[in-house]
Amino acid sequence: MRILILGKNGMLGRDLMDVFSKDDFIALGKEDLDITDRDRVFEKFMTIQPDVVINATGYTNVNKAESEPESANDINGYAVGVLAQGCREIDATFVHFSTDYVFKGIKKSGYNEEDMPDPINAYGKSKALGEHLMMEEMEMLNGEKAKEGKYFLIRTSWLFGRHGKNFVETMLDLGRKNSQLKGGEDVLKVINDQFGKPTYSMDLARQVGWLLKSRDYPSGIYHITNECTTTWYDFAVEIFRLAKINIDVIPCATTEYPSPAKRPHYSALNNNILPPLRPWKEALAEYLSINTLL
């Protein structure tokens, strides 16, 4: 099984490279392939002839997408359709990652795999566009039923990992700076009315590896997150507890920190199909331990 990983310099891409280190894989970054260039995508796919294409690329700046919706749509949306077309041409399995932000965020019980996307910001709309184009291409051809392409559309959320900027690192940086300030300025406000599931990128990568090699699951949408729903506030409290940083964390509302992009309040992803991952607190403890922060 030859695997092509797109996004080799990103958080998830680098963990995927570790997971597939003993397999026949090729990894490309944006400097190697512009995924919005259909001709180049088809040329690369024909040259490499992968059995599996894993797309770990993406436009990830949620706030900036509000002022750059075309760029977000090009990378998160239309390019995904191009990749799906390329996979169909060479009969390769296509793995693509989406987000909890494709949902409106009003379902307190969490969102299931079959729930219809209804995004409230430009980033979520671009990811929903990618989902639609991927499934349209892999399941249909010129409006008529054809041989379905094999695909896994994987939604995940609140990603943290060793190889990129993420909420854990942001909190640790803020905690250390605040605790070192003179005059007792050791209070940090964190939003407490947005609910979701933090996900360790290595756990996600390992589950993708297992999913591809199990051969027990059909094409479709899958939710992969670490388990247990939490808020950004409770997430931050646990980070500081494990890292032994003494700082007062104060819960606050989203309205106290207005941003260009609206955020869904309840965006937890329910996994109703795959074996569940471990709780996010266990994954966080491992992550901090590996990064020698404890």
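The values are calculated or read from the model by the stated rules, or taken from the named source; none is laboratory data. Nothing here was measured: the structure is a model prediction, and the numbers come from that model. Note that we place each Cβ from the backbone using ideal geometry, even for glycine, and neighbour counts take in every protein chain shown. In case anyone asks, the SASA skips ligands and DNA or RNA and just uses the protein heavy atoms, side chains included. Shrake-Rupley method; radii C 1.70, N 1.55, O 1.52, S 1.80 Å.
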Worksheet item: Can you tell me the Rg and the Dmax, both Å, for the Cα atoms in the stretch 1-52?
Response: 10.9, 30
Discussion item. Quick check: the distance between the Cα centres of the stretch 67-119 and the stretch 223-239, to the nearest angstrom?
Written reply: 23
Worksheet item: Where in the stretch 75-116 does the label zone of THR36 land, with the point 7 angstrom along Cα→C-beta and an amide N cut-off under 12 Å?
Response: 75-80
Worksheet item: Which of the trypsin sites (Lys or Arg not before Pro) found in the stretch 1-110 are loop residues per DSSP with 12 or fewer other Cβ atoms within 10 Å of their Cβ?
Response: LYS22, LYS108
Worksheet item: For the chain, what does -39500 (n - 2.57) per DSSP helix run (n ≥ 4), summed and divided by total residues, give at 222 nm, in deg cm²/dmol to the nearest 500?
Response: -11000 deg cm²/dmol
Discussion item. Just to verify a number: FRET efficiency for LYS244 and GLU43, C-beta to C-beta distance, R0 = 45 Å, to 0.05?
Written reply: 0.30
Discussion item. Suppose the chain between ASP51 and GLU136 were pulled fully straight at 0.36 nm per residue; how much longer would it get relative to their current alpha carbon spacing?
Written reply: 28.6 nm
Worksheet item: What lysines could a cross-link reach from LYS213, if we take a straight Cα to Cα line under 29 Å and drop same-chain neighbours fewer than 8 places away?
Response: LYS8, LYS22, LYS30, LYS44, LYS127, LYS145, LYS147, LYS150, LYS197, LYS281
Worksheet, complete the sentence: The whole-number value in µm²/s of the Stokes-Einstein translational diffusion coefficient for the chain, with Rh from the Kirkwood sum over alpha carbon pairs at 4 °C and 1.567 mPa s, is 65
Discussion item. With a 1.4 Å probe and all protein chains kept in place, how much accessible area does SER289 have, in Å² rounded to the nearest 10?
Written reply: 70
Practice prompt. Would you mind working out the accessible area per residue for the stretch 220-294, using a 1.4 Å probe, and quoting it in Å²?
Written response: 48
Worksheet, complete the sentence: For the stretch 59-112, inverting the pair-averaged 1/r of distinct alpha-carbon atoms gives a Kirkwood value in Å of 13.2
Discussion item. If you count only protein heavy atoms and use a 1.4 Å probe, how large is the accessible surface of CYS228, to the nearest 10 Å²?
Written reply: 70
Practice prompt. May I have the pair-distance distribution P(r) for the stretch 157-294, computed from all Cα-Cα distances with 5 Å bins from 0 and rounded to whole percent?
Written response: 2, 9, 18, 20, 19, 14, 9, 5, 3, 1, 0, 0
Discussion item. Please list, by residue number, every one of the GluC sites (Glu not before Pro) in the stretch 181-264 that is coil in DSSP and has at most 12 other beta-carbon atoms within 10 Å.
Written reply: GLU185
Fill in: Size descriptor, Kirkwood hydrodynamic radius, that averages inverse alpha-carbon separations across the stretch 56-154, Å
13.9
Discussion item. With a cap of 14 neighbouring Cβ atoms within 10 Å, and only residues DSSP puts in a loop, list the trypsin sites (Lys or Arg not before Pro) found in the stretch 172-271.
Written reply: LYS182, ARG215, LYS244
